[in-house]
Every structure is written in C-alpha cells, then in structure tokens.
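Data block below; observations after.
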Amino acid sequence: MNASERLIVALDVPAPDDARTLISKIGAHAGVWKIGLELLFSGGADLARELADAGQNVFVDAKLLDIPHTVERATANIAAMGATFLTVHGHDIKTMQAAMRGREGSDLKLLAVTVLTSLDAADLEQQGSRMSPADLVLHRAKLRKEAGFDGVIASGQEAAQIRQATGRDFLIVTPGIRPAGTDVGDQARVMTPTRAIAAGADYLVVGRPITQADDPAAAAAAIANEIDAALAA
Ligand code: C5P
C-alpha cells in the first residue's frame, strides 16, 4: 500500500454533491472515502453505491449498534452496496458476531469502534466507567480480535499498545488526526499523522483538516507525504 492508499477522507458534508466536489478535487491523494451519519441520511447510501461501482473504496461509518438480528441484516445490506469498510459500535460480543454473520460471502472489512476520540477520562467516568480511555480501548480491542473482526478504530495515542496486544494482521484505523498547527475542534485525543503512523496505525481518517482547507488536494497531498516519510522512518 502506498501512502495515499492509507489516507481515508471523512466526507462529513451535508449532501452528495458536496462530497462529489471534494472527491474530484482530492482525487488520488486519498485511497478511501468515508461516508458517515450526516451524509448517509442525505443521499450518502446512493453515493456509496455509485463510488463502489466506480471501483473506489468506500467506508460506511454507520457505527452500528442494535439487537443482533438488526445488526446482521443491516451489515448484509451494507456489504451488498459494495462497501470496503464498515464500523460497528458494539461494546459486546453478540453485536460483533451478528455483524460477522451479516458480512459472510463478501469482502467487507469490519472495524470496531473502541472509544470515540472525542471522549476523555472525565466523559468515561460520567458514563460509569472506572477505566481510563487507554485501558478501555485496549480491553475492547482484545475483545474485537477474539470476535474475528478485521480491526479497530482507535486514537493514535492507543495504537502502539493495541498493536502490541493484537499483532501485525489486525488493522488499526486512526481518526483524531491533526497535522501540526491545525485546529483540534471537538476532538480530545489527537495526534499528528507522523506520530500516528509511528505508533502503528495502518490507515488515518482525516476530516476537517482536509475538507475545510482552502485547498483540499494540497492538504491531502501534504498528509500523504507525511505518511510516506513516517513509513520510511
Ligand atoms: O474532522 P475530523 O478529522 O475530526 O473527523 C474525524 C472523523 O472520524 C469523523 O468522521 C468522525 O465521525 C470519525 N471518528 C472519530 N472517532 C472515532 C470514530 C470515528 O472521530 N472513534
């Protein structure tokens, strides 16, 4: 995989046409287009099919969490769309096993959401968890590996520990990426592209630093260059 193929752009925009504009500007500087909840409910599902039919890699960031029957059927429908990645927001083995059944016979890769990168220790305490974000991420990452998932979503700050605990064949996909000098926004556990790759991330998810840049193509190219340099180092 080259550096651009490891760059996932979060298309967090209001409508498919906004996404198409961004995709045509960014082009081959990124390898995967992530369609999240905002876009999914404004025509993003059709856009996902259109991109997959055109041979592009699509990441459906649906963060599924429901009873097993519903998760299984939803996963099967997303696999049939031709998506490459799907996130499942399960905190339990039943949800993950349901997603595994739903993707049978397809090439869909399942990624588990561990702890949202916008949450810090105080937020987890408010949820009733006594674990630190790092410990909870690691605990959930091990559970996902047992369930047979392809990988996890985790902040760069936890990537090294997850890599150590899960081995080489487990995908680590890292959002909360902020190149030096860019706005942190609502993210709490951020990291630069260089540090995230050095920590063991396979793919980086980048939204606003690219989508809200004056020149999205240049911003994506700069991050791809940073990934390239980090891989070489
Ligand atoms: O704009 P920004 O780079 O912060 O976007 C990050 C993207 O990654 C968003 O689409 C967000 O939904 C997603 N994400 C995240 N943290 C997770 C899982 C997904 O930020 N744990």
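The values are calculated or read from the model by the stated rules, or taken from the named source; none is laboratory data. The model shown is predicted, which means the values in this text are computed figures rather than measured ones. Here the Cβ positions follow ideal geometry from the backbone for every residue, glycine too, while neighbour counts run over all protein chains shown. Note: areas computed on protein heavy atoms with side chains; ligands, DNA, RNA excluded. Shrake-Rupley method; radii C 1.70, N 1.55, O 1.52, S 1.80 Å.
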- Message: From the list Ala80, Ala159, Ala165, Ala122, exactly one residue is within 18 Å of Ile35 (Cβ to Cβ), of a type outside the set (Ser, Thr, Tyr) and either free of Cβ contacts under 8 Å to residues at least 60 places away in the same chain or open to solvent by 20 Å² or more (accessible area, probe 1.4 Å) (or both). Which is it?
- Response: Ala80
- Between a first residue in the range 197-213 that is farther than 28 Å from Gly167 by Cα and free of Cβ contacts under 8 Å to residues at least 60 places away in the same chain and a second residue that is more than 8 Å from the ligand (Cβ to nearest atom) and part of a helix (DSSP H, G or I), which pairs have beta carbons less than 7 Å apart while being 6 or more apart in sequence or on different chains? Pro209/Ala219; Ala213/Ala219
- Those residues of the range 26-74 which are assigned to a loop (DSSP other than H, G, I, E, B), open to solvent by less than 10 Å² (accessible area, probe 1.4 Å) and under 17 Å from Gln97 (Cβ atoms), in sequence order: none
- Return the only residue of Ile210, Ile197 being surrounded by 22 or more Cβ atoms within 10 Å (Cβ to Cβ) and either more than 11 Å from the ligand (Cβ to nearest atom) or more than 19 Å from the chain's Cα centre (by Cα) (or both). Ile197
- Query: For residues in the range 1-17 being more than 14 Å from the ligand (Cβ to nearest atom) and either open to solvent by 80 Å² or more (accessible area, probe 1.4 Å) or closer than 24 Å to Pro193 by Cβ (or both), which is farthest from the chain's Cα centre (by Cα)?
  - Reply: Asp17
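Listed here are the residues, each with its yes/no results for (1) over 17 Å from Lys109 (Cβ atoms); (2) part of a helix (DSSP H, G or I); (3) of a type in the set (A, V, I, L, M, F, W, C).
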| site | (1), (2), (3) |
| --- | --- |
| Ala134 | yes, yes, yes |
| Val137 | yes, yes, yes |
| Arg140 | yes, yes, no |
| Leu143 | yes, yes, yes |
| Phe149 | no, no, yes |
| Ala159 | yes, yes, yes |
| Ile162 | no, yes, yes |
| Asp169 | no, no, no |
